[in-house]
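Here is the structure we will look at, set down as structure tokens.
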Amino acid sequence: MKKSVPNQFINQQNNEQLFQNPLILMMKRLLLLIVFAIYGQTIYAQEARNDSGGSVMELNSFIASLRQAQPLSRNATAAPLRVENLLYKVQPSVYFYSGVVKTYGESPRDLFTDFRSLSGLNNPAIAKNNIELVTIKVESANLNSTIDWSVFSDFPKLKYIYIISSVNTTAQTFTNMVGNYDTEQYKVFYKIDKGERNQ
């Protein structure tokens, strides 16, 4: 003869009391609502981060972020120093404006151009193999345009895109200009330089 032992986890009397008490029922619903709200916010934040494309930073902020990203070691300033050298030190360079290519030095590391000339970067006269930094000058007429990233496909060592604007604008304008790009391959940063310098 079998004897029935009630399951301690499923006790009919306790379940009835839990679902008939309005205070406990309201607390359960509130807890469920909080769990869904936190979960939904986490998903929204991940989607917003994935959909935003790459971040475009102001030059000084970009270099500061490189310094913070470097682990503490002997080579702690390798990446920021490399970018600063490409920007501020004399390097072998290529200048490409209005279809005219001027190369200075052997194995150029920098390419200087303007937004209007980007579509001509497939010019075979441009030494592309060692270019690490492309500096693009933009004017007010170019601010609503978008960069075609396919023009950089023949630059195997290209890492940095530096955009210089001659007019005041916002970071959002630069973000719209660069659109979606491979953030693992390229780092994009900008500077607003109206050419007003006191001497």
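The values are calculated or read from the model by the stated rules, or taken from the named source; none is laboratory data. This one's a predicted model, so the numbers in the text were calculated from it and none came from an experiment. Glycine also receives a Cβ, built like all others from the backbone with ideal geometry; neighbour counts cover every protein chain displayed. For accessibility, only protein heavy atoms count, side chains too; no ligands or nucleic acids. Shrake-Rupley method; radii C 1.70, N 1.55, O 1.52, S 1.80 Å.
Tally the residues that are open to solvent by less than 30 Å² (accessible area, probe 1.4 Å) and outside any loop (DSSP other than H, G, I, E, B), restricting the search to segment 174-199.
6
Just one of the numbered conditions (1) under 23 Å from the mean Cα position of the chain (by Cα); (2) assigned to a loop (DSSP other than H, G, I, E, B); (3) free of Cβ contacts under 8 Å to residues at least 24 places away in the same chain is not true of Thr169; which one?
Status for Thr169: all satisfied but (3).
Answer with yes or no whether Leu81 is hydrophobic (A, V, I, L, M, F, W, C), modelled with pLDDT of 80 or more, farther than 20 Å from Glu132 by Cα and open to solvent by 50 Å² or more (accessible area, probe 1.4 Å).
no
Would you check which residues across segment 91-107 are open to solvent by 50 Å² or more (accessible area, probe 1.4 Å) and under 21 Å from Lys187 (Cα atoms) and list them?
Tyr95
Step by step: first the residues of segment 128-142, then only those that are at pLDDT 90 or above and over 17 Å from Tyr88 (Cα atoms), then the one that is least open to solvent (accessible area, probe 1.4 Å). Which residue is that?
Per the stated criteria, the residue is Val138.
Within segment 171-180, track down each residue that is more than 23 Å from Glu84 (Cα to Cα) and not hydrophobic (A, V, I, L, M, F, W, C).
Gln172, Thr173, Asn176, Gly179, Asn180
Looking at (1) within 23 Å of Ala64 (Cα to Cα); (2) in contact with a helix residue (DSSP H, G or I) (Cβ under 9 Å, 6 or more places away or on another chain), can you tell me which one Thr175 breaks?
So Thr175 meets the others, but not (2).
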